[in-house]
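J.: This is the structure I want to talk about, given as structure tokens.
The values are calculated or read from the model by the stated rules, or taken from the named source; none is laboratory data. Note that the structure is a prediction, hence the values are computed from the model and not measured. Heads up, the Cβs are rebuilt from the backbone with ideal geometry, glycines too, and the neighbour counts pull from every protein chain shown. When the accessible area is computed, the model is the full protein with side chains, heavy atoms only, and any ligands, DNA or RNA have been set aside. Shrake-Rupley method; radii C 1.70, N 1.55, O 1.52, S 1.80 Å.
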Amino acid sequence: MTGWLPGPITWQSFTLYFLVSVAFLLVILGYVTYAIYFERKVIGWMQGRHGPNRVGPLGLLQTVADVAKLLIKEDTIPKKAQRDLFILAPVISFVPSFVVLATIPFTETLYFADLNVGILYYVALSSISTIGIILGGWASNNKYALLGGMRSAAQMISYEIPLVISVVGVIMLSGSLQLSAIVEGQSGGFWNWNFLPQIIGFIVFIVAAVSELNRTPFDLPEAESELVAGYHVEYSGFRFAFFMLAEYVYVFAIASLTTVLFLGGWHPPFPFLDFIPGILWFLLKFSFVVFFLFWLRATFPRVRVDQLMGLGWKVLLPLSLVNIFITAIVYEIFFR
Amino acid sequence: MLYQNQYVIVAIFIVLGILLPVVALTLGRWLRPNKPVSEKLTTYESGNVPVGESHIRFNIRYYLFALMFVIFDVETVFLYPWAVAYQQLGLFALVEMLIFVSLLIVGLIYAWKKKVFKWS
């Protein structure tokens with residue numbers, strides 16, 4: 001994307017960048033709309049139901065109707081809530097979810113900012129969302145919200161460590177933090193994709209990512225049977241919608257990141273399939289990861305809170321550290 | 001392609017990320033009703049009248065997790081540059097990193113034995 005306009009930035013190129021980014025934001029909003037629809041449909045089918053089928057043909061306008069409803073709903077801010085922080089919290093949790101997408105390369109030519117610190121940028125920004133969640137829980141001045149916010153923050157910081165360390169193996173193999181360079185290192189068939197040489201890292205990454213997303217089986221912060229709704233219990237209307245939006249944009253971000261880091265990005269599984277454009281391969285792998293998250297939600301029960309922290313610190317963290325040294329030793333023996 | 005142009009795009013993304021909530025909530029203010037009643041503005045507590053203060057002291061356990069997080073997050077800050085340069089550094093750097101990580105593992109085992117990760 002940035003390859004079109006070499007040289008210093010001018011007002012024209014700035015306007016063009018801005019318009020393209022706006023278009024991308026609209027694509028993301030469209031994706032979120034239909035990801036929610038697709039999630040409800042898929043889970044419906046897996047449970048032997050139809051899912052949404054009333055609003056529009058095949059229920060396709062269901063989410064649009066839901067968003068319109070949220071937009072015209074009265075916005076109540078409890079009297080005891082800390083008003084400024086209460087308003088700020090959903091914005092803080094949404095902004096990083098969108099900003100991390102700037103560095104994801106979709107194909108060789110379709111990307112926004114090909115930063116040479118790509119992974120670090122993603123990891124650093126995505127942890128800011130935790131602050132938004134804990135702030136929302138605190139500012140609501142509600143017991144359920146405070147408990148949900150605290151749990152959520154504890155869970156997210158605990159699983160962020162294995163998530164970040166499991167990527168170190170990938171960085172060692174490609175010798176770069178730049179996401180496009182990591183994808184380039186995986187070209188030439190699926191046996192070069194990082195999920196095979198980095199199988200431990202891949203599994204740790206997936207489990208930690210599901211937990212980072214607060215999705216089933218790790219959706220304790222939003223456990224409706226014990227905490228009503230968790231940190232966003234006092235939020236209504238569009239402020240609530242921004243928490244949901246942040247969650248689904250993170251699904252997009254994590255699915256893209258998994259594709260880029262472990263599933264070969266835009267590369268086809270076999271070299272002779274090169275004639276199919278890269279973006280289709282990217283979308284195929286991306287959709288599979290998104291489907292996988294929905295599939296988990298329909299299949300798994302929720303883990304208990306005492307098992308949750310144990311899994312993160314006692315299983316995933318040691319595994320991700322061991323993965324680094326296995327990678328290093330295998331590299332020393334076979335590739336040097 | 002100038003490298004700093006990439007950060008112009010990042011800045012545009014940040015501005016857009018802030019603009020979307022501002023625009024959507026302003027638009028919503030024109031569309032939505034606003035009839036605050038004092039009952040509506042009370043804190044939700046399953047339909048009961050809220051009891052006591054909500055900003056309670058929370059469990060000390062969360063603080064310990066935050067402490068562990070800081071230690072291992074700093075570790076990753078050291079791991080990342082090491083991993084990028086690993087292919088040039090070779091075996092000596094591997095042994096060094098092994099010593100560094102095993103020191104931290106000792107801390108992890110200590111926390112484990114002190115039952116920090118037990119939730120009861």
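J.: Dividing the convex hull volume of the alpha carbon atoms of chain B by its residue count, what do you get in Å³ per residue?
T.: Spread over its residues, the Cα hull of chain B gives 203 Å³ apiece.
J.: Taking the highest mean first, how do the peptides A:178-185, A:250-257 order by number of other beta carbon atoms within 10 angstrom per residue?
T.: So the order, starting with the most tightly packed, is A:250-257, A:178-185.
J.: Please check which bits of the stretch A:263-302 a label hung off residue A:196 would reach, taking the label as a point 7 Å along Cα-to-C-beta and the cut-off as backbone N under 17 Å.
T.: A:263-274
J.: If you don't mind, there's one more thing I want to ask. Just to be sure I understand the model, the point goes 7 Å from the Cα along the line to the Cβ. What's the resulting residue B:7 to residue A:23 distance in nm?
T.: 2.7 nm
J.: Okay, next question. What does the C-alpha gyration tensor say about the overall shape of the stretch A:172-312? Classify as rounded when a/c is under 1.5, otherwise prolate if a/b is larger than b/c, or oblate.
T.: Cα axes put the stretch A:172-312 in the prolate bin.
J.: If you project the alpha carbons of the protein assembly as shown onto their three principal axes, what span does each projection cover, largest first, in Å?
T.: Each principal axis gives a Cα extent; for the protein assembly as shown these are 72, 59, 50 Å.
J.: Kirkwood-based Rg over Rh for the stretch A:79-131 (C-alpha set), two decimals?
T.: When Rh is taken as the Kirkwood radius, the ratio is 1.18.
J.: Between residue A:54 and residue B:26, what FRET efficiency comes out of the Förster formula 1/(1 + (r/R0)^6) with R0 = 30 Å and r the beta carbon distance, rounded to 0.05?
T.: My answer for the efficiency is 0.45.
J.: Excluding residues on the same chain fewer than 8 positions from residue B:114, give the aspartates and glutamates whose Cα lies under 17 Å from its Cα.
T.: Answer for residue B:114, where 17 Å is the Cα cut-off: A:306, listed by chain and number.
J.: Projecting each Cα onto the charge dipole of the protein assembly as shown (Lys/Arg +1, Asp/Glu -1 at the beta carbon, about the Cα centre), which of A:153, A:47, A:293 comes out farthest on the positive side?
T.: A:47
J.: Averaged per residue, what accessible area in Å² does the protein assembly as shown show with a 1.4 Å probe, protein chains only?
T.: Accessible surface, normalised per residue, equals 46 Å².
J.: Then there's this: Roughly speaking, to the nearest percent, how much of the protein assembly as shown's 1.4 Å accessible area is carbon and sulfur?
T.: 71 percent
J.: Here is a follow-up. Please work out the FRET efficiency for the pair residue B:34 and residue A:43, using the Cβ-Cβ distance as r and a Förster radius of 41 Å; give the result to the nearest 0.05.
T.: Efficiency, rounded to the nearest 0.05: 0.70.
J.: Something else now. Could you pull out the longest piece of chain B with no exposed loop GluC sites (Glu not before Pro) in it, calling a site exposed if DSSP puts it outside H, G, I, E, B and it has at most 13 other Cβ atoms within 10 Å?
T.: B:54-120
J.: Can you give me the C-alpha center-to-center distance between the stretch B:39-74 and the stretch A:187-209, rounded to a whole angstrom?
T.: 37 Å
J.: Kindly provide the helix-only [θ] at 222 nm of the protein assembly as shown, computed as the sum of -39,500 (n - 2.57) over DSSP H runs of four or more divided by all residues, to the nearest 500 deg cm²/dmol?
T.: When only DSSP H runs of four or more count, the value is -21500 deg cm²/dmol.
J.: In addition: Using only protein heavy atoms and a 1.4 Å probe, report how much of residue B:32 is accessible, in Å² to the nearest 10.
T.: The accessible area comes out at roughly 40 Å².
J.: Membrane-span-like helices in chain A: DSSP H runs reaching 24 Å or more (Cα, own axis), mean Kyte hydropathy at least -1.0?
T.: Going by DSSP H runs, the hits are A:11-46, A:83-99, A:143-166, A:237-262, A:278-299, A:317-334.
J.: Would you mind working out the magnitude of the charge dipole of the stretch A:6-78 relative to its Cα centre, with +1 at each Lys and Arg C-beta and -1 at each Asp and Glu C-beta, to the nearest 20 Debye?
T.: Roughly 300 debye for the stretch A:6-78.
J.: Can you find, among B:97, B:62, B:41, the residue farthest towards the positive end of the dipole of the stretch B:20-120? Put +1 on the C-beta of Lys and Arg, -1 on that of Asp and Glu.
T.: Checked the options; the winner is B:41.
J.: For the stretch A:1-139, what's the radius of gyration and Dmax over Cα atoms, in angstrom?
T.: Considering the stretch A:1-139 through its Cα atoms, Rg and Dmax are 19.4, 57 Å.
J.: Taking the alpha-carbon distance from residue B:35 and a cut-off under 18 Å, which aspartates and glutamates remain once sequence neighbours fewer than 8 residues away in the same chain are dropped?
T.: Partners found: A:74, A:75, A:234.
J.: Which value, in debye to the nearest 20, gives the size of the charge dipole of the stretch A:9-132 about its Cα centre, when Lys and Arg are +1 and Asp and Glu are -1 at the Cβ?
T.: Using only the charged Cβ atoms, the result is roughly 620 debye.
J.: A further question follows. With a 1.4 Å probe on protein heavy atoms only, work out how much accessible surface A and B bury together, total over both chains, in Å² to the nearest 100.
T.: Buried area between the two chains comes out at roughly 7300 Å².
J.: Run the quick spin-label model on residue B:78 and residue B:41: label points 7 Å from Cα toward the beta carbon, then report their separation in nm to one decimal.
T.: Here the answer is 5.3 nm between the modelled labels.
J.: Just checking the output field for A:305-316: average partner chain Cβ neighbours within 10 Å of each residue's Cβ?
T.: Mean inter-chain Cβ contacts per residue within 10 Å come to 3.
J.: Turning to a different aspect of this structure: Given charges of +1 on the Cβ of Lys and Arg and -1 on the Cβ of Asp and Glu, with all other atoms neutral, how large is the dipole of the protein assembly as shown about its Cα centre, in debye to the nearest 20?
T.: Roughly 1240 debye, rounded to the nearest 20.
J.: Related question: Other chains' Cβ within 10 Å of B:50-62 residues: what's the mean?
T.: Average neighbour count from other chains, rounded to a whole number: 4.
J.: Then there's this: Work out the charge dipole of chain A with +1 on the Cβ of Lys and Arg and -1 on the Cβ of Asp and Glu about the Cα centre, then indicate which of A:28, A:191, A:81 is farthest towards its positive end.
T.: The residue sitting farthest along the positive end of the dipole is A:81.
J.: Inside 10 Å of the C-beta atoms of A:183-196, what's the mean count of C-beta atoms belonging to other chains?
T.: If you average over the peptide's residues, the count of other-chain Cβ atoms is 0.
J.: Pick out, in residue order, every one of the chymotrypsin sites (Phe, Trp or Tyr not before Pro) in the stretch B:12-120 that is DSSP loop and has at most 16 other C-beta atoms within 10 Å; say none if there are none.
T.: Answer by residue number: B:58, B:119.
J.: Report D for the stretch A:107-239 in µm² per second (integer): Stokes-Einstein, Kirkwood Rh on Cα pairs, 4 °C, 1.567 mPa s.
T.: Value of D from the Cα-based Kirkwood radius: 78 µm²/s.
J.: Grab the beta carbon distance between residue B:104 and residue A:61, set R0 = 35 Å, and tell me the FRET efficiency rounded to 0.05.
T.: 0.10
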